[in-house]
Amino acid sequence: MLDNSSQLLLRHQLVDNETLLVNAPDALAREAKCLAHFYYFNLWHRYALPVHQFGAVLQQRASATVLYVPKEKNLARMLLANLAHNLVPSDTLYLVGGNKSGIKALAKQLGDDWHPAQKVASGNHCLLYRTQLKGAKAGHFELADYRSTYPLGQPAITVVNLPGVFSEQKLDAGTALLLQHLPAEMQGKVLDFACGSGVLAASIATRFPAVTHISASDVNAFAIEACKQTLSQVNPADSQVIASDGLDQVDGKFDWIISNPPFHTGQRTDYSIARDFIRSVPTHLTSKGRLMLVANNFLGYPELLREQFRNVREIVNNGRFHILEASQPC
């Protein structure tokens, strides 16, 4: 089923095969056979046609472009900046999003590059605006202009982050707890699932010389870029950063799988990400491999883990988060 925003676009006949959809959350681009750019690999993997693109930087332009407005303000502004470098003044940019997505505020504060936004329509708890560039934008869009950094640990790692990536400005409390309670020794191959900016992967590479390989995976194109830059600070001998829909694109078996798995999709609580991940883990562990994750206490992960593993234990619980370790798949 199409998202409410897409239904609003169709109701007003704003999508044809020459329209460019940016950040679409559904299959509209495939159904309309139009142009599309995705920032989330799981959506690209499920809904894209071969001509559709995935990545952190938009390269395309079209005379009619639709931006599905993300809820993260900094990300929305970065995407607008990217579009300003791609479009020309005669092109029309449509902004579409749910009433609670922040679209109203964004439409009022587009910045100096854009004409004031005009409301086109509303419906299905969504809003639709249009705008155009005031003039051609010189130069090229640079993702590096929007990156943020913070130091972590001793010796310090420079964590690189980008808008749209979890815990953009500082280390989150759950990951901090997991870092404090990593095992005394780790060796072999390690996977950091839902890696975000690469905090876990880079910390493990720094602390455990017996680790021979590190893989990091995420669905978010901005997380992939941020993690690559964070890992480059520690330069592990053998590492890779993978865009993957769950574990579908991850090859091989690991001695450790470490994660702070997400439980939101947009503004919605979504347990399916962690549930599908936990169900997939056993086929990606070596015979003595272990899964270690951190989660909010209210999430029912212990029960999910016991469905897949014979040995599940709680390592620590600080009242808000707990760390769980699982081994010996059923």
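The values are calculated or read from the model by the stated rules, or taken from the named source; none is laboratory data. What you are looking at is a predicted structure, and each value in this text was computed from that prediction instead of being measured. So basically every Cβ, Gly included, is an ideal-geometry build from the backbone, and we count neighbours across all protein chains shown.
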> When Arg130 is evaluated against the numbered criteria (1) part of a loop (DSSP other than H, G, I, E, B); (2) crowded, with 16+ Cβ neighbours inside 10 Å; (3) not small (Gly, Ala, Ser), which criterion, by number, is the only one it fails?
Replying inline: (1)
>> Suppose we keep only residues that are assigned to a strand (DSSP E or B) and without any contact (Cβ under 8 Å) to a residue 60 or more places away in the chain within segment 39-66. Which one would you say is nearest to the chain's Cα centre (by Cα)?
In response: Gln53
> Among the residues of segment 199-233, which ones are of a type in the set (Asp, Glu) and touching a Lys or Arg at 6+ places or on another chain (Cβ under 9 Å)?
Replying inline: Glu225
> Restricting the search to segment 179-237, which residues are touching a Gly at 6+ places or on another chain (Cβ under 7 Å), among the small types (Gly, Ala, Ser) and closer than 21 Å to Gln249 by Cβ?
Replying inline: Ala216, Ala221, Ala223, Ala226
> Among the listed residues Gly153, Gly174, which satisfies the condition of being assigned by TED's automatic domain parsing to the domain that holds Val294 and either under 20 Å from the mean Cα position of the chain (by Cα) or of a type in the set (A, V, I, L, M, F, W, C) (or both)?
Replying inline: Gly174
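So which residues in segment 2-38 are of a type in the set (D, E, K, R), assigned to a helix (DSSP H, G or I) and crowded, with 20+ Cβ neighbours inside 10 Å, if there are any at all?
Passing the criteria: none in range.
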> If you check Pro89 against the conditions, is it in a loop (DSSP other than H, G, I, E, B) and within 30 Å of Asn317 (Cα to Cα)?
Replying inline: no
>> Restricting to segment 101-121, name every residue that is surrounded by 12 or more Cβ atoms within 10 Å (Cβ to Cβ) and either in contact (Cβ under 8 Å) with a residue 24 or more places away in the chain or assigned to a helix (DSSP H, G or I) (or both).
In response: Ser101, Gly102, Ile103, Lys104, Leu106, Ala107, Leu110, Asp113, Trp114, Val120, Ala121
>> Every residue in segment 222-261 that is small (Gly, Ala, Ser) and part of a strand (DSSP E or B), please.
In response: Ser239, Ala243, Ser259
> Got at least one residue in segment 157-166 being hydroxyl-bearing (Ser, Thr, Tyr), out of contact with any Lys or Arg (no Cβ under 8 Å at 6 or more places or on another chain), at pLDDT 95 or above and assigned to a strand (DSSP E or B)?
Replying inline: no
> Counting just the residues of segment 206-221 that are assigned to a helix (DSSP H, G or I) and modelled with pLDDT under 95, which one comes out nearest to the chain's Cα centre (by Cα)?
Replying inline: Thr206
> For segment 124-149, which residues satisfy the criterion of being over 25 Å from the mean Cα position of the chain (by Cα) and at pLDDT 95 or above?
Replying inline: Tyr129, Arg130, Thr131, Gln132, Leu133, Lys134
> Which residues, counting only those in segment 303-330, are within 20 Å of Thr175 (Cα to Cα) and surrounded by 15 or more Cβ atoms within 10 Å (Cβ to Cβ)?
Replying inline: Leu305, Val312, Ile315, Phe321, His322, Ile323, Leu324, Glu325, Ala326
>> What pairs come out if I take residues in segment 129-157 that are over 22 Å from Asp112 (Cβ atoms) and pair them with residues that are of a type in the set (Lys, Arg) whose C-beta lies under 8 Å away, six or more apart or interchain?
In response: Tyr150/Lys170
> From the list Ala326, Ala274, which one is among the small types (Gly, Ala, Ser) and assigned to a strand (DSSP E or B)?
Replying inline: Ala326
> Out of (1) surrounded by fewer than 19 Cβ atoms within 10 Å (Cβ to Cβ); (2) closer than 20 Å to Ile257 by Cβ; (3) aliphatic (A, V, I, L, M), the odd one out for Ala136 is which?
Replying inline: (2)
